[in-house]
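Note sheet for the following structure.
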Amino acid sequence: MIEMFHVYKAYPGDPPVLTDINLRVEKGEFLFLTGPSGAGKTTLLKLIFCAEEATRGQILVGGRNVARIRESAIPFLRRNIGVVFQDFKLLPHRTVEDNVALALDVLGVPRLQARERVRGMLKRVGLEHKADVLPLKLSGGEQQRVVLARALVNEPTLLLADEPTGNLDPVRTLEIMDLLRDVNVRGTTVLVATHDSTLLSRYQKRTVRLEAGHIVSDEDGVKAARRMVGA
Amino acid sequence: MSALAKAASAWRSTAEGVRHAPFVHAIAVVTLTIALFTAGLARGADALIQSLLASLGGEVRVTVYLEEGLPEEDAETLRRGLEQRVGGAATLVTPTDALERLGRELPEVRGLLVSLEDNPLPPSVELAVPEGRRTPEALRALAMEARRLPGVTDVEWGEEAVARLSAIARVLRLGGAVAFAVVLLATVTIVAATLQLSIYARREEIEIQKLVGATDRFVRVPFVLEGLLQGLLGGALASAGLLAFSRSAGPHLAQLLAFLVEGGVAPALLTPRLVMELLLGGALLGLMGSLLAVRRFLRA
Ligand SMILES: Nc1ncnc2c1ncn2[C@@H]1O[C@H](COP(=O)(O)OP(=O)(O)O)[C@@H](O)[C@H]1O
Ligand SMILES: [Mg+2]
């Protein structure tokens, strides 16, 4: 699903944010991307959905080299990738339903059909009763689920979730993680960037650890969990 | 189905843009209206100048002087040739006719004329120039052509009057064109500026649209439609304004013109054709403004 070969990312004038990243993520995999704040997790995700351009190296997403993608092809790449943004990116003056429908709107899905799919998606994340509410009236966990609904409503083959449990209490965190696991079980490849180590031990999934832009470890779920317990 | 859904979504988005910033859009529409109204007025003024020129040109007499002592049949051949060329009546004035006319027009010198041994006046042909050829250029060309004919010594016409009138018309037209260009530029700029505000107000939405896979075209179309809509609205309002203007000022104008020009030509201010042109012009201006804005402010 994703392959990275010797990928570097540097912003002009700063030391590199990502250094020699080599990574292979199989179709249908569930992967945690972890590491301290500032390690480069968000940047790595951005490279995958072309919000940033790699300075060097090759990145294949679904067999397509996005390091050399044409500008006009980016929208079509993004339609296969659902993204849960760290900062949500919800429109404050649009209802929950409209926010989720945005992802179908840009594809030209007719209104009625879109509404039906959005309602279905909201039900799946447990927000069907909040469809007509503005995002700011929702709790953090609910907003997070709206973002997840928007990312999933188009049934992407790849889901990127950036700190999806960022500021949530343990119960809300579990709700979100269960949703993500559910999505993965249905066949979507899921990448979760998180600095929350309790998630790693609980879910026992493959874990790639970034530190200062380097991959310092890449372990399967059991090993990663064992290390977390030992720590 | 998808194209239809996209069109529907673009219209919804456009309507939302207008609803969110009605004042800004009103500014653009008012600017467009003023520009198009002025252009419509200028068109009317131009038509007026045209008819003034035409009617004054009617008083211009082109006189082709022939050689003294030219045989009558040669003069007649020339007359016929000129008549064919001009497409209007050509009258041969023999020296005798000319002398008589001079005597009629200037009775004080009649005695003097009678005492002349020889008729000093040359024969001539007087031309009535049909309306289409009364422009200074056409008259000058005609004069040059006639001057080259064998047997013709000179051609006289109200060159100065016609030239002056047409110079005035030219200056007016040039000034109008320059003013119009300035108004055009200002209008396009203002439309582009309002759309820039529109784009800025929705930058968050645009960013998210792009992140979830919107094409550039999808993002741009609502703003282009906004510009188009502004232009059409401006054209419609300008037409309405011109209608109101010609209704209220028309009769006075006709009176004034009747005084200036015999026959009282009052060109219609608002024709269906002009309405079409105003709508089209508005649409074009709006489109230019929005394309400019979209190009400059919706870079990926
Ligand atoms: N647009 C940018 N310009 C310059 N530096 C940036 C930019 N975005 C991120 N960085 C830097 O890149 C590093 C990694 O950031 P990020 O990928 O957000 O880390 P993480 O998500 O792991 O916390 C940080 O040091 C951050 O300051
Ligand atoms: Mg981050």
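FYI, it's all coordinate maths here, none of it is from the lab. What you are looking at is a predicted structure, and each value in this text was computed from that prediction instead of being measured. Ideal geometry is used to build each Cβ from the backbone, glycine not excepted, and the neighbour counts take in all protein chains shown.
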Q. Shielding of A:99-111 by partners, i.e. mean partner chain Cβ atoms within 10 Å per residue?
A. 6
Q. If one puts a single equal scatterer on every Cα of the protein assembly as shown and applies the Debye formula without solvent, what log₁₀ I(q)/I(0) results at q = 0.05, 0.08, 0.10 Å⁻¹?
A. -0.44, -0.70, -0.89
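Expressed as a fraction of 2.2 N^0.38 Å, the rule-of-thumb size for a compact globular protein of N residues, what is the C-alpha radius of gyration of the range A:91-155? Please list the in-between numbers first.
Numbers: Rg = 10.5 Å, N = 65, 2.2 N^0.38 = 10.7 Å.
Against the empirical 2.2 N^0.38 Å value, I get 0.97 for the range A:91-155.
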**Q.** For A:45-53, mean number of other protein chain Cβ atoms within 10 Å
**A.** 1
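So how do A:115-121, A:62-68, A:93-99 stack up, highest first, on mean other-Cβ count within 10 Å? All intermediate terms of the calculation are to be shown ahead of the outcome.
Values: A:115-121: 17.7, A:62-68: 13.6, A:93-99: 19.3.
Most protected by this proxy first, the peptides run A:93-99, A:115-121, A:62-68.
On average, how much area does the Cα convex hull of the range B:64-115 cover when viewed from any direction, in nm²? Can you show the working numbers first?
Numbers: hull surface 16.9 nm².
Projected over every direction and averaged, the Cα hull of the range B:64-115 covers 4.2 nm².
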(Q) What are the equivalent ellipsoid semi-axes of chain A, built from the alpha-carbon gyration tensor (square roots of five times its eigenvalues), in whole angstrom, biggest first? (A) 28, 22, 16
(Q) What's the magnitude of the charge dipole for chain B around its Cα centre, counting Lys and Arg as +1 and Asp and Glu as -1 at the beta-carbon? Answer in Debye, nearest 20. (A) 2740 debye
Q | Listed residues B:Glu204, B:Glu137, B:Glu226, most fluctuating in chain B (Gaussian network, C-alpha, under 10 Å) | A | B:Glu204
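Is there a simple number for the mean count of other chain Cβ atoms within 10 Å of the Cβ of residues in B:200-212, and what is it?
On the way: counts 0, 0, 1, 0, 5, 5, 0, 2, 11, 6, 5, 13, 19.
Counting Cβ atoms of other protein chains within 10 Å of each residue's Cβ and averaging gives 5.
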Q. What does the helix-only formula give at 222 nm for chain B: each DSSP H stretch with n ≥ 4 adding -39500 (n - 2.57), the total divided by the residues, and the result rounded to the nearest 500 deg cm²/dmol?
A. -26000 deg cm²/dmol
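Give the percent of DSSP beta bridges with both residues in chain A that are antiparallel, rounded to the nearest 5.
Values: 17 of 35 bridges.
Antiparallel bridges make up about 50 percent of those DSSP assigns within chain A.
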Q: Largest first and to the nearest Å, give the Cα extent of chain B along each principal axis.
A: 104, 40, 31
Q. Counting Lys and Arg as +1 and Asp and Glu as -1, each charge on the Cβ, what is the dipole of the range A:158-231 about the Cα centre in debye, to the nearest 20?
A. 300 debye
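If you place +1 on the Cβ of every Lys and Arg, -1 on the Cβ of every Asp and Glu, and leave all else neutral, what size is the dipole of the protein assembly as shown about its Cα centre, to the nearest 20 Debye? Please list the in-between numbers first.
Working: 62 positive and 59 negative charges, 794 e Å.
Dipole magnitude for the protein assembly as shown comes out near 3820 debye.
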Q: When a/c is below 1.5 the answer is rounded, else prolate if a/b is larger than b/c, else oblate, so apply that to the range B:70-154 with a ≥ b ≥ c taken from the square roots of the Cα gyration tensor eigenvalues.
A: prolate
**Q.** Rounded if a/c under 1.5, otherwise prolate or oblate - the range A:129-231, Cα gyration tensor axes
**A.** prolate
